[in-house]
Amino acid sequence: MTEPTTLHDASCADDYDPNSMPVDKARALIARFLTPLTATERVPVRSALGRVLAEDVISPINVPAHDNSAMDGFAVRFADLSPDGDVTLAVAGSSFAGKPFTGKMQTGAAVRIMTGAVMPRDADTIVMQEHAQAKDGKVTIGKGHRLNQNLRRAGEDLAIGQIAVKRGVPLRPAEIGLIASIGVGEVTVYRKLRVAFFSTGDELVSIGSIPGEGQIFDSNRYTIHGMLTRLNCDVIDMGVVRDDPALIEAAFATAAANADVVITSGGVSVGEADFVKDMLNKLGEVLFWKIAMKPGRPLAYGKIGNAHFFGLPGNPVSVMVTFYQFVRDALLVLAGQNPVPPLPTFKVACTSTLKKAPGRTEFQRGILTQDGSGAWRVRVTGEQGSGILRSMCEANCFIILPTDQGNVAPGTMVEVQVMEGAV
Ligand code: AMP
Ligand code: MG
């Protein structure tokens, strides 16, 4: 495909087939239209957990701040040691973490030193305590040492002026700790992404109402709310909207005016899609796809005003799978994360028989466990219907079966993607 600049261009490319859209191609196409938000705010470092850093954090100090010892032992002058045998040095004092040796270390002297303690000014080498015999205020040290051994240099982790954490990095406990370690108390992060979402369907009732004949409780709004919350978004829950063109149009307009991203579930399958399609093309530019995947075939993506729009399928498992496989990465990009690496996958032996027809990518729900010898194995959760939300509860991974793959016999190596931490 040549570089499309609008969704319309993209949809006119020769190889563009909305009725059989490969997963990778849909992902790549969506990725072209994602412009990260730029608004920022200052927050205390502890509140920045899960937020995306909007500017490099530069270290105002050397880490470590001083030359210090990597071992418990004795700080010495290398020149005082002998390459041929034992020397005995007078112990002039001690340097503990937080309580450095402040005196002068004369020639022929040593200082008792603990891990992390500041190196005495006159010492250049640390002899670990296992290689020293201390007795009566003296220490005897043998041969075989190197100049500067067991010494950690000031600034060797991070020098003054060096970038401690880069812009675009989502802050995990490790980054929060690193930022704290250089004494920085506030950081600039991107504001949270605002995501409005609603469910469509005449059959849906919310918790608290009694479902009538043929009605069901709306669960998608709850899974979507949960996934968005995990991804640190500001959520705007717009409830259930009935399959009424005027109501749906009003909901889209309100959502797009108030959010960076609009997510809906239901109403994008064949038949239902038609009036939604016309309406969305009036409000913006939206593409409707049948993705060559299972579950999660119908998917819509586009822009409504300035908001990005994801129209997810109605079936509860399809909602979650399309969210994991398309929406997650897109939201991270929009939220300013850079880079957004693909979720890792790896191969393990599958102990189940898997039913699979070639022609589309399947995301079966799997359970990764260790067998008696400690090797990881995967099995399928059972029935794979796109309405069986229990399969997502039992699963801890997706078993990703590529397009051309047919049935899978037990013992075959399959690709898995761990769910934990992905959303
Ligand atoms: P649709 O794509 O609107 O035709 O919906 C496909 C299937 O998903 C139907 O069986 C719907 O009842 C079901 N469904 C749609 N929306 C929801 C929802 N919010 N919660 C639970 N099930 C839903
Ligand atoms: Mg529906």
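All of the numbers you see were taken from the coordinates with simple rules; none came from a lab. Predicted model, so just to flag it, every value in this text is computed and none were measured. Cβ coordinates were reconstructed from backbone atoms using ideal geometry, including for glycine residues, and neighbour counts include every protein chain displayed.
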How do LEU343, LEU29, LEU287 line up, fewest other C-beta atoms within 10 Å first?
LEU343, LEU29, LEU287
Looking only at the range 345-418, where both bridge partners belong to it, what percent of the DSSP beta bridges are antiparallel (to the nearest 5)?
90 percent
As a test, work out the antiparallel percent of DSSP beta bridges whose residues both lie in the range 78-214, rounded to the nearest 5.
60 percent
Could you work out how far the C-alpha centroid of the range 293-325 sits from that of the range 127-149, in angstrom?
67 Å
With contacts defined as alpha carbon pairs under 8 Å and 6 or more residues apart, what's the relative contact order of the range 345-418 in percent?
49 percent
Among bridges DSSP assigns within the chain, what percent are antiparallel (round to 5)?
65 percent
Could you give me D for the range 116-272, from Stokes-Einstein at 10 °C and 1.306 mPa s, where the hydrodynamic radius is the Kirkwood radius over C-alpha pairs? Units µm² s⁻¹, please.
72 µm²/s
Cα long-axis angle, helix 23-32 against the chain (0 to 90 degrees, to the nearest 10)
80 degrees
Could you work out the relative contact order of the chain? I mean the mean sequence separation of Cα pairs under 8 Å and 6+ apart, divided by the number of residues, in percent.
16 percent
Rh (Kirkwood; distinct C-alpha pairs) - the range 68-152, Å:
12.2 Å
Proximal lysines to LYS138, defined as alpha-carbon separation beneath 17 angstrom and excluding residues fewer than eight positions away on the same chain
LYS104
Checking the a/c ratio against 1.5 first, then a/b against b/c, what shape does the Cα gyration tensor give for the chain?
prolate
What is the range 345-418 by shape, rounded, prolate or oblate, if you read a ≥ b ≥ c off the alpha carbon gyration tensor as root eigenvalues and call it rounded for a/c under 1.5, prolate for a/b larger than b/c, and oblate otherwise?
oblate
Any idea what angle helix 220-230 forms with the longest principal axis of the chain, computed on alpha-carbon atoms, 0 to 90 degrees, nearest 10?
20 degrees
Dividing the helical contributions, -39500 (n - 2.57) per DSSP H run of n ≥ 4, by the residues of the chain yields a 222 nm value, nearest 500 deg cm²/dmol, of -5500 deg cm²/dmol
Listed here are the pairs LYS99/LYS166; LYS290/LYS355; LYS166/LYS303; LYS192/LYS277; LYS25/LYS303; which of them are more than 23 Å apart at the Cα?
LYS99/LYS166; LYS166/LYS303; LYS192/LYS277
Expressed as an acute angle from 0 to 90° and rounded to the nearest 10, what is the orientation of the C-alpha long axis of helix 245-258 relative to the principal long axis of the chain?
20 degrees
Based on Cα coordinates alone, diagonalise the gyration tensor for the range 24-183, multiply each eigenvalue by 5, take square roots, and list the semi-axes in whole Å, largest first.
48, 17, 12
Indicate the gyration tensor shape class of the range 238-347 (rounded, prolate or oblate), computed on the Cα atoms with a ≥ b ≥ c the square roots of the eigenvalues: a/c under 1.5 is rounded; otherwise a/b larger than b/c is prolate and the rest oblate.
oblate
